[in-house]
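Reading through the structure tokens given below for one structure.
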Amino acid sequence: MPRRGLLNRLLRLREASILAVGIVLVVYFRAANPYFLTDANLETLSQFIAATAIIACGEIMLLICGEIDLSAGHVFALAPFVMHFLDEAGLPMPAALVLALGGCAVVGLINGLITVRLRVPSFVTTLGTFSLLNGFTLTISHGSPVETGDEGGFADAFGAGGYSEIIWAVAIALGVHFVLRQTRWGLYTIAAGGNPEGAAEAGIRVGRIKVGNFVLTSVLGGFAGILEAFRIGSTDPLAGGTAIMFLAVAAGVIGGTPLAGGSGTVLGGLVGAAVLGVLRDGFTLQGINAFTFDMILGAAILVAMVANIHVGRLRRRV
Amino acid sequence: MTAPALRVEAITKRFGALTALDGVTMGVDEGEILGILGDNGAGKSTLMKVITGYHPPTSGEVFVRGEKVALRSVDHARSLGIDCVYQDLALVNGLSVAHNLFLNREILRRFPPRMLDNPAMRRRAAAVLADIGVNIPDVDAEVQHLSGGQRQAIAVARAVSGQARILLLDEPLAAMGAREAALIIELIRRLRAKGGLAIVMVMHNYAQTLDLADRIILMQHGTITYERRTAETSVEELLSIVRREYQAVGPH
Amino acid sequence: MTKQNKFAVGRRLAVGGAALAPALALLAGHPALAALPSHPRWKLVFVNHVTTNPFFVPTQYGIQDACAAFGCDYQWTGSATSNAAEMVNAMNAAIAAKVDAIAVSLVDPVAFDRPIERAFAAGIPVFSYNADAPKSARLAYIGQDLYKSGVMMGERIVSLIPSGVVALFIATPGQLNIQPRIDGAQDAIKQSGKPIQAEVVATGPTVDEELSRIRAWYIGHQEAKGMFAVDAGSTQGVSEVIRSMNLVAKGMHGGGFDLLPRTLTNIHDGALDFTIDQQPYLQGFYTVMEMVTWLLSGGLTGPAEINTGLKFVTRETVGPYLTTSTRYEGKTDKEAVVPRPAKV
């Protein structure tokens, strides 16, 4: 009896369906290519997943409370530059990193205050800020990429080391998941998205929750950008952008966080990012050419998501 | 004789040129169920908002348990025991019964500090619901899966468990079938029987109100035009008063 | 003169190679008759920075033809938006898949260092094509001498425009396949000592954006005497702006790189003074040849730097490009041998 209960509870998890889809994909790619589960590819695969997963954690919290941040991919490009300039100015790299994240927090604060106080829909607010950030990054960098400082051990811990990115991603996902499920912040985030008037009625400071989640997302976006800059050794003004923001939001949605808000799952977003990463890495490994790549990727995403929704429906009947 | 749980005297509320309440005086005793009736625009919700501290009155006074108070905010009113269950219920769909019950009043662990104590909340929630006779088997279920009657019961339970002494209910039986309405009516009667609570209900349905309330007041155009113990009046009489007003004023 | 001959030879080689392709493919199945020793179908991966850019269509044809000729398979992958991280991911996937050789357009000075190290550690040779990084450990570079091509463009600019404001458009500054051209052009202009004020303007990585930006720049600088570009999309944009706003009548000069169809048409119609052909077909074909010879000999022969050359295409010489629709310029995928001109 207890064993049946555990299986039942696993199946009832909101993340069960996307997890099932992920497992099927891994089995498929392993069958299609013997190198899929080798050490070398697992490391590559983890690098396909990590940055998207980290940004997804922030976007999921925002989606839950009814907002979105389109500028996360652009603080992604800006943060490593800020870190670079602080490093050039003589600060030790760890301090430069922390201050760069502080700068990202300020960006998040601006996003949040404009959305909450000036009552601009967050889609529009962050549309404006991402253009601003893009131009700002291009200006301070003169449009040219620079070499990311190579600090040996420090760089290894923050992206250069093979599995360091995915370790950060999992740690961050667990942390945000904990906040969502075990703290008042998480509860109030859900309330702010599910019933903002009702939540305000009950005395919850909905505005403060939203601003806080904007700050979280910008900091995570900047951190992901810094990790990637250490990984490839180059800080590029064109890095990230709307493409990675979109991937992060997509990871959240396919992981089980509805765009409409009011509920969500961070662990599901991690699995969603993994599914997207498995698809992209798996098809590249198989040698699919760039022109047909997007077609095949698109078809695969549709198939995977249809399966996801239907398994989800089955789950609810269990 | 003990002071009424709540009493308002000569409350007037103006919004610019519009007078929403014009010299309203009413009160409710502990252990009493008061029904407030009236058409839309009569001033019922404005009166509720003044009592719950949402709107300060333009003039007039509020007494809670005999003491004059100036209600600064909804939180302040709540701290004095005045709580309202609104039509939209202020329940959050994505959260469980227990979490809704304790919204903004969560039970926290001692260690690790400031973390939610979910097991404790589940136990307390089950106890609170059992205490007022509401049957909800799984306090971990998300409220969106519950029926209208169960949701209303949880909203009421939240107000009650929060040490409310003066409970206001805004259309508690709205959009409910007969069976569910009966359950809520039973719940409200049990609350009265428990003691320590003054209940004010804003309602539309005269028959249900007369069935449940001890006393009713009828509001029209910002004033109270009729007040009677329910035993001493009837639906026909109330309707005739309202009809008289229409005939005097004409349709508009 | 000698330069022209070399290019003609190069073109004939390509033509010859394409003609031989089907024949060699047949022969490969017969070890006794094969032109080369029999070998497994090697997997060659080409990592590119703008995978969907029309400029590289002839490159892909060159790769296809050479792979058919030498019995190999290829993958065309990378990033569509000059995203270095994506390109690094693609390279890492190729290394994990234990492919036989990798070619990458090195558009970032340092991002590919570690992946190249890892490829070498796994026994996979790495070549660069189209763009090169000065300090990279890659085995060889197949492509245009980028700095030199910029110098030659600069000299051409000086010969067309004695003085005034001139724009040098570049899609993405700092990118290694185009930045050296701008550097070369600026140096040549400075060397000449003429009072020419060259402004470097970034136009973005996509063709539609480039056109808008060039137009906007011109409207703000209507006294400019010349507009020149160092990448295919910006060149097309310059030619379009000059044509649609009738700027030749106002004495405007223009020129750039690569052979996008509209660029060629605009040269023919007199809207653009010149474009420079960097022979993208060869960048694909020769790179495959390098990989095959390296693999055949276990690394004992090759690698060799191959300069795929530089050729000015002007109104006088643009004719054949427009009238013939060939695989070598990417305009059609039909296999064909192009008849040689009466005079070289």
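Does A:Arg231 meet the test of being touching a residue at least 60 places away in the same chain (Cβ under 8 Å), assigned to a helix (DSSP H, G or I) and among the basic types (Lys, Arg)?
On the way: touching a residue at least 60 places away in the same chain (Cβ under 8 Å): yes; assigned to a helix (DSSP H, G or I): yes; among the basic types (Lys, Arg): yes.
Against the criterion (touching a residue at least 60 places away in the same chain (Cβ under 8 Å), assigned to a helix (DSSP H, G or I) and among the basic types (Lys, Arg)), A:Arg231 qualifies.
Within the range A:123-151, restricting attention to residues that are hydroxyl-bearing (Ser, Thr, Tyr) and more than 14 Å from chain C (Cβ to nearest Cβ), the residue that is surrounded by the most Cβ atoms within 10 Å (Cβ to Cβ) is A:Thr126.
Output the number of residues of the range A:182-199 satisfying the condition of being in contact with a Leu (Cβ under 8 Å, 6 or more places away or on another chain) and either at the interface with chain B (Cβ under 8 Å from one of its Cβ atoms) or in a loop (DSSP other than H, G, I, E, B) (or both).
Quick first cut of the range A:182-199, residues in contact with a Leu (Cβ under 8 Å, 6 or more places away or on another chain) only: A:182-184, A:186-187, A:189-191, A:193-195, A:198-199.
From what's left, either at the interface with chain B (Cβ under 8 Å from one of its Cβ atoms) or in a loop (DSSP other than H, G, I, E, B) (or both): A:182-184, A:187, A:190-191, A:193-195, A:198-199.
Adding up the residues that qualify gives 11.
Condition check for B:Leu37 on (1) free of Cβ contacts under 8 Å to residues at least 60 places away in the same chain; (2) in a strand (DSSP E or B): one failure, at (1).
Residue-by-condition table, conditions (1) within 14 Å of chain A (Cβ to nearest Cβ); (2) surrounded by fewer than 24 Cβ atoms within 10 Å (Cβ to Cβ):
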residue: C:Ala96; (1), (2): yes, no
residue: C:Arg118; (1), (2): yes, yes
residue: C:Ala122; (1), (2): yes, yes
residue: C:Ala137; (1), (2): yes, yes
residue: C:Gln144; (1), (2): no, no
residue: C:Ser159; (1), (2): no, yes
residue: C:Pro162; (1), (2): no, yes
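Scanning the range B:87-116 for residues that are outside any loop (DSSP other than H, G, I, E, B) and either at the interface with chain A (Cβ under 10 Å from one of its Cβ atoms) or among the hydroxyl-bearing types (Ser, Thr, Tyr) (or both) yields B:Ser96, B:His99, B:Asn100, B:Leu108, B:Met115, B:Leu116.
Residue under question is C:Pro341, and the condition is that it be of a type outside the set (Val, Ile, Thr), in a loop (DSSP other than H, G, I, E, B) and closer than 28 Å to C:Pro180 by Cα; does it hold?
Working: of a type outside the set (Val, Ile, Thr): yes; in a loop (DSSP other than H, G, I, E, B): yes; closer than 28 Å to C:Pro180 by Cα: no.
Criteria not met by C:Pro341.
The set of residues in the range C:289-306 that are polar (S, T, N, Q) and in a helix (DSSP H, G or I) contains only C:Thr293.
Those residues that are among the acidic types (Asp, Glu) and touching a residue at least 12 places away in the same chain (Cβ under 8 Å), I need them from the range A:195-228; list them, please.
Correct list: A:Glu228 only.
Please indicate, with yes or no, whether at least one residue in the range A:98-115 is in a helix (DSSP H, G or I), over 24 Å from A:Ala56 (Cα atoms) and more than 20 Å from the chain's Cα centre (by Cα). Within the range A:98-115, none of the residues are in a helix (DSSP H, G or I), over 24 Å from A:Ala56 (Cα atoms) and more than 20 Å from the chain's Cα centre (by Cα).
Only strands (runs of 3 or more DSSP E) whose full extent lies in the range B:170-244 are considered here, and the ones with at least 2 residues that are without any contact (Cβ under 8 Å) to a residue 40 or more places away in the chain and hydroxyl-bearing (Ser, Thr, Tyr) are B:223-229.
Looking only at the range A:266-315, count how many residues are at the interface with chain C (Cβ under 10 Å from one of its Cβ atoms), free of Cβ contacts under 8 Å to residues at least 60 places away in the same chain and not aromatic (Phe, Trp, Tyr). Full working, then the answer.
Going through the range A:266-315, the residues at the interface with chain C (Cβ under 10 Å from one of its Cβ atoms) turn out to be A:277, A:280-294.
Subsequent filtering for residues that are free of Cβ contacts under 8 Å to residues at least 60 places away in the same chain retains A:283-284, A:287-294.
If we keep only those that are not aromatic (Phe, Trp, Tyr) as well, we get A:284, A:287-290, A:292, A:294.
Residues in the range A:266-315 being at the interface with chain C (Cβ under 10 Å from one of its Cβ atoms), free of Cβ contacts under 8 Å to residues at least 60 places away in the same chain and not aromatic (Phe, Trp, Tyr): 7 in total.
Scanning the range A:200-253 for residues that are away from chain C (no Cβ under 14 Å) and under 16 Å from A:Asn134 (Cα atoms) returns A:Ser218, A:Gly221, A:Gly222. Residue-level check: of (1) surrounded by fewer than 18 Cβ atoms within 10 Å (Cβ to Cβ); (2) under 21 Å from the mean Cα position of the chain (by Cα); (3) on the phi > 0 side of the Ramachandran plot, B:Asp75 misses just (3).
Answer yes or no: is there a residue in the range A:268-291 that is touching a helix residue (DSSP H, G or I) at 6+ places or on another chain (Cβ under 7 Å) and among the hydroxyl-bearing types (Ser, Thr, Tyr). Reasoning before the result, please.
Initial filter on the range A:268-291 (touching a helix residue (DSSP H, G or I) at 6+ places or on another chain (Cβ under 7 Å)): A:268-286, A:288.
Imposing the further condition that a residue be among the hydroxyl-bearing types (Ser, Thr, Tyr) reduces the set to A:284.
So far as the range A:268-291 goes, yes, one or more of its residues are touching a helix residue (DSSP H, G or I) at 6+ places or on another chain (Cβ under 7 Å) and among the hydroxyl-bearing types (Ser, Thr, Tyr).
Out of the residues in the range A:157-173 meeting the condition of being without any contact (Cβ under 8 Å) to a residue 24 or more places away in the chain and part of a helix (DSSP H, G or I), tell me which one is surrounded by the most Cβ atoms within 10 Å (Cβ to Cβ). Among them, the one singled out is A:Ala157.
Could you check, for the range B:138-147, whether at least one of its residues is under 30 Å from B:Asp39 (Cα atoms) and either at pLDDT below 90 or part of a loop (DSSP other than H, G, I, E, B) (or both)? Spell out the reasoning first.
So the first thing to find is which residues in the range B:138-147 are under 30 Å from B:Asp39 (Cα atoms), and the list is B:147.
When the remaining residues are screened for being either at pLDDT below 90 or part of a loop (DSSP other than H, G, I, E, B) (or both), the result is B:147.
Yes, the range B:138-147 has at least one match.
A search for C-beta distances below 7 Å between a residue of the range A:77-94 that is more than 20 Å from A:Val107 (Cβ to Cβ) and any residue that is of a type in the set (A, V, I, L, M, F, W, C), counting only pairs 6+ apart in sequence or on different chains, returns A:Met93/A:Phe154; A:Pro94/A:Phe154.
Name the residue, out of C:Ile182, C:Ile196, that is within 13 Å of another protein chain (Cβ to nearest Cβ), crowded, with 17+ Cβ neighbours inside 10 Å and in contact (Cβ under 8 Å) with a residue 24 or more places away in the chain. Write out each step before concluding.
Working: C:Ile196 fails: within 13 Å of another protein chain (Cβ to nearest Cβ).
Residue meeting the stated conditions: C:Ile182.
Going residue by residue through the range C:12-34, is there one that turns out to be of a type outside the set (S, T, N, Q), at pLDDT 50 or above, outside any helix (DSSP H, G or I) and out of contact with any Leu (no Cβ under 6 Å at 6 or more places or on another chain)? Full working, then the answer.
Taking the range C:12-34 as the starting set, the residues that turn out to be of a type outside the set (S, T, N, Q) are C:12-34.
Filter again for at pLDDT 50 or above, leaving C:34.
Narrowing further to those that are outside any helix (DSSP H, G or I): C:34.
If we keep only those that are out of contact with any Leu (no Cβ under 6 Å at 6 or more places or on another chain) as well, we get none.
Checked the range C:12-34: no residue is of a type outside the set (S, T, N, Q), at pLDDT 50 or above, outside any helix (DSSP H, G or I) and out of contact with any Leu (no Cβ under 6 Å at 6 or more places or on another chain).
Quick check: anything in the range C:273-289 at pLDDT 90 or above and small (Gly, Ala, Ser)? Taking every residue of the range C:273-289 in turn, at least one turns out to be at pLDDT 90 or above and small (Gly, Ala, Ser).
The values are calculated or read from the model by the stated rules, or taken from the named source; none is laboratory data. Just so it is clear, the model here is predicted, and its values are computed rather than measured. For neighbour counting, all protein chains shown are included, and Cβ atoms are generated from backbone atoms with ideal geometry for every residue, glycine included.
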